Each structure stands twice: as C-alpha cells, then as structure tokens.
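All remarks here apply to the structure that follows.
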Amino acid sequence: MAPSPNPTPSFAGSPGGSCHYAELKVSSVATPQELRQAFRQLSKLYHPDTTQLPPRQAEAAFARLQLAYATLSDPNRRRAYDQHLALVAAPALPTVVAPEPQAAAGRRLSVHRALSGGEWLALLLLGVALILSLVLGLGVAWARGLALVTPPSWSVAGVDGPPDPPLAPVVPQTAKAEPPADAPP
C-alpha cells in the first residue's frame with residue numbers, strides 16, 4: 001500500500017498512542033473502499049489464526065484493527081472521531097461532539113455498504129432464474145393447450161351458457177303407496 005499523502009495525527013487516547021488512521025495505515029481522507037482494502041490486508045497479517053505473532057499480541061493487534069475499522073467505516077462515528085482528533089490537535093477550540101448512536105443490547109448497528117461483485121452476480125442469477133421459470137411455466141401451459149387467462153366463474157354471469165334451472169322442490173311421499181294402474185287387483 002502506498003504511503004499516505006498527509007500524515008495522520010497521533011492520538012493519545014487510543015491504545016498504542018496512535019490514531020485509527022495509523023492503525024489501518026491510510027490517510028485521513030481515505031475512501032470507504034480504501035479502508036475496506038486496508039482492513040482486509042492487515043487482518044490477514046494480524047488475525048490470530050494466520051499470524052506468526054504470539055497469541056496475546058496478535059489478539060490485541062487484531063482487536064485494535066477491528067476497532068479502527070468499525071469506527072472509520074461508519075460515517076457518523078468517523079465524523080465524531082475526526083472532530084475528536086481535531087479537538088485533541090487544537091485544545092483551545094471548544095467543540096461539541098454529538099453522542100454516538102447506540103444499538104440495543106445484543107444488536108449491531110446497521111452499516112450501509114456497497115454490494116460486492118459476488119452479490120451483484122447472485123442477484124443477476126436470481127433474476128434470470130425467475131424469468132426462465134416464468135417462461136418455462138407459460139410455455140408448458142401453452143404447449144398443453146391450456147388457456148393462459150380465464151376469468152373466474154363468479155365474476156362473469158352466463159359465460160358457460162345459460163344458468164342451470166333451479167331444482168324442483170322435493171315432494172314428500174305418503175305412507176300408503178298406490179298400486180300401479182296395470183297391476184291385477
């Protein structure tokens with residue numbers, strides 16, 4: 001990664017005495033893509049499973065790296081952090097820092113980010129699969145000779161011809177049956 005164009009100030013409040021920009025080795029005007037790229041490269045170096053550092057030192061370095069990326073990747077937290085850095089650099093200028101939004105217990109703050117190439121490909125494949133399934137379903141229905149659109153029977157009266165006549169009422173029979181007319185007496 002190229003050296004940052006403008007030096008980042010030292011921040012005594014963070015572990016190790018350096019600021020989050022120095023942890024990620026980026027400039028203070030780095031774009032979100034540059035921050036993500038720097039985090040990915042450095043996480044490969046400092047992750048406890050992939051580093052040659054002693055476990056405690058690797059865990060501490062990786063935790064600082066995660067804190068720096070979490071702070072700088074969120075626009076609101078980054079703005080508050082930059083204001084805090086400006087306050088430390090120029091203590092004579094009083095500034096008011098808005099409190100950071102806090103997530104409910106057990107919930108993470110939402111981070112809006114651009115979709116990656118793999119996510120765009122997955123969305124494209126999902127759309128193509130949807131369109132192909134619709135075309136296949138309509139093609140099979142057409143090949144079988146089924147009507148693609150039929151109105152429901154309740155919406156149009158008399159579509160299938162005249163309505164059926166009402167049924168004749170059922171007359172109850174008497175208990176005494178009459179003999180047929182042609183039967184012998």
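Just one of the listed residues (Ala22, Ala38) is in contact with a Lys or Arg (Cβ under 7 Å, 6 or more places away or on another chain), among the small types (Gly, Ala, Ser), modelled with pLDDT of 85 or more and surrounded by 11 or more Cβ atoms within 10 Å (Cβ to Cβ), and it is Ala38.
Just one of the listed residues (Arg79, Arg40) is under 22 Å from the mean Cα position of the chain (by Cα) and without any contact (Cβ under 8 Å) to a residue 40 or more places away in the chain, and it is Arg40. Here Arg113 meets the list (1) free of Cβ contacts under 8 Å to residues at least 60 places away in the same chain; (2) outside any helix (DSSP H, G or I) almost entirely, failing just condition (1). Can you find a residue in region 108-117 that is surrounded by 16 or more Cβ atoms within 10 Å (Cβ to Cβ), of a type in the set (A, V, I, L, M) and either on the phi > 0 side of the Ramachandran plot or modelled with pLDDT of 80 or more (or both)? For region 108-117, residues surrounded by 16 or more Cβ atoms within 10 Å (Cβ to Cβ), of a type in the set (A, V, I, L, M) and either on the phi > 0 side of the Ramachandran plot or modelled with pLDDT of 80 or more (or both): absent.
The values are calculated or read from the model by the stated rules, or taken from the named source; none is laboratory data. Owing to the predicted nature of the structure, the values given are computational and were not obtained by experimental measurement. In this analysis, Cβ positions are derived from the backbone assuming ideal geometry, glycine residues included, and neighbour counts consider all displayed protein chains.
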